[in-house]
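As structure tokens, the structure follows; a few thoughts come after it.
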Amino acid sequence: MKYFYVLMLVLLACTDATAKEASPLAADPVVEQRLITISEELRCLVCQNESLAGSRADLAMDLRRELRSLIKQGKSDSEIKEFMVSRYGDFVLYRPPVKPTTWLLWAGPFGLMLAGVVALFIYLRRRNAEISDKGPAGLTDEERKRADALLQEGDA
């Protein structure tokens with residue numbers, strides 16, 4: 001038990017050694033707010049499902065540094081986004097523009113949903129046709145007689 005306490009004491013002492021000080025935000029809070037607003041609309045190129053604002057990847061940190069310098073140069077939000085698109089393509093935008101190269105991206109989900117509805121409609125029509133060909137409830141004459149006999153016994 002004595003070794004356990006010594007081990008816990010050593011572990012607690014080591015936790016301070018690995019702690020890092022938080023890096024300060026930009027000196028100008030307006031620049032930092034603009035940076036956050038712009039970077040939330042841009043995709044991290046490493047993580048791909050995370051915004052540039054939320055990513056901790058090294059490339060994302062470099063891109064945020066680049067965005068911060070563009071903001072300090074007086075570039076507008078649209079100019080900054082155009083810079084990012086010219087460098088990395090439409091993939092960097094969470095909301096890519098509607099143009100011939102992105103029509104499939106915008107219309108694809110609706111097309112798949114329409115195809116699913118059509119396939120379901122065809123399946124249900126075929127199933128109803130098969131059921132109606134077999135007769136009521138798809139029972140043979142012998143099965144129908146047995147069911148009638150069971151129902152009449154239940155009434156008595």
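The values are calculated or read from the model by the stated rules, or taken from the named source; none is laboratory data. Worth saying up front: this structure is predicted, and the values here are computed from it rather than measured. For neighbour counting, all protein chains shown are included, and Cβ atoms are generated from backbone atoms with ideal geometry for every residue, glycine included. What goes into the accessible areas is simple: the full protein's heavy atoms, side chains included, and nothing from ligands, DNA or RNA. Shrake-Rupley method; radii C 1.70, N 1.55, O 1.52, S 1.80 Å.
Would you pick out the residues in segment 80-95 that are open to solvent by less than 90 Å² (accessible area, probe 1.4 Å) and modelled with pLDDT of 90 or more? Those that are open to solvent by less than 90 Å² (accessible area, probe 1.4 Å) and modelled with pLDDT of 90 or more: I80, K81, F83, M84, V85. Pairs meeting the criteria (first residue in segment 97-118 and closer than 24 Å to E82 by Cα, second residue open to solvent by 70 Å² or more (accessible area, probe 1.4 Å) and aromatic (F, W, Y), beta carbons under 7 Å, at least 6 apart or on different chains) are V98/W106. E32 falls short of the stated requirement of being farther than 14 Å from Y88 by Cβ, open to solvent by 80 Å² or more (accessible area, probe 1.4 Å) and at pLDDT 85 or above. When residues in segment 35-65 are screened for being surrounded by fewer than 16 Cβ atoms within 10 Å (Cβ to Cβ), under 22 Å from D90 (Cβ atoms) and not aliphatic (A, V, I, L, M), 8 of them pass.
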